[in-house]
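The values are calculated or read from the model by the stated rules, or taken from the named source; none is laboratory data. Note that the structure is a prediction, hence the values are computed from the model and not measured. FYI the Cβ positions are ideal-geometry reconstructions off the backbone, even for glycines, and counts take in every protein chain you see. Surface accessibility is based on the protein's heavy atoms, side chains included, excluding ligands, DNA and RNA. Shrake-Rupley method; radii C 1.70, N 1.55, O 1.52, S 1.80 Å.
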Amino acid sequence: VHTEGIVALKVLKKALGADSGMVERFLREARAAAAVGSDHIVRVLDAGQASDGTPFLALELLEGADLQGLAQQVGSLPPMRLVLLAL
């Protein structure tokens with residue numbers, strides 16, 4: 001909000017947000033990803049709980065195709081591309 005940057009938000013479902021252990025695990029995911037600092041892992045920009053208590057992760061927004069879109073093109077992808085994606 002304050003930086004006006006565009007991010008991807010990951011939120012925990014309300015049903016899971018009532019479980020304090022699940023919330024801690026969700027936020028621990030943010031700390032673990034931030035600690036790795038790899039180009040192969042999305043950057044976690046912020047994490048916490050919204051004013052209504054919903055846990056969230058603010059992640060860098062990456063451009064590109066998702067795996068579902070690629071799966072629909074599977075017949076047109078070269079075999080080596082499929083191998084590299086699987087790896």
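Annotations for the structure displayed:
- So residue 35, is it open to solvent by 80 Å² or more (accessible area, probe 1.4 Å), more than 16 Å from the chain's Cα centre (by Cα), hydrophobic (A, V, I, L, M, F, W, C) and at pLDDT below 90: no
- Some residue of the range 79-86 being touching a residue at least 12 places away in the same chain (Cβ under 8 Å), open to solvent by less than 100 Å² (accessible area, probe 1.4 Å) and within 12 Å of the chain's Cα centre (by Cα): no
- Of all residues in the range 18-32 being surrounded by 13 or more Cβ atoms within 10 Å (Cβ to Cβ) and charged (D, E, K, R), the one that is modelled with the highest pLDDT: 25
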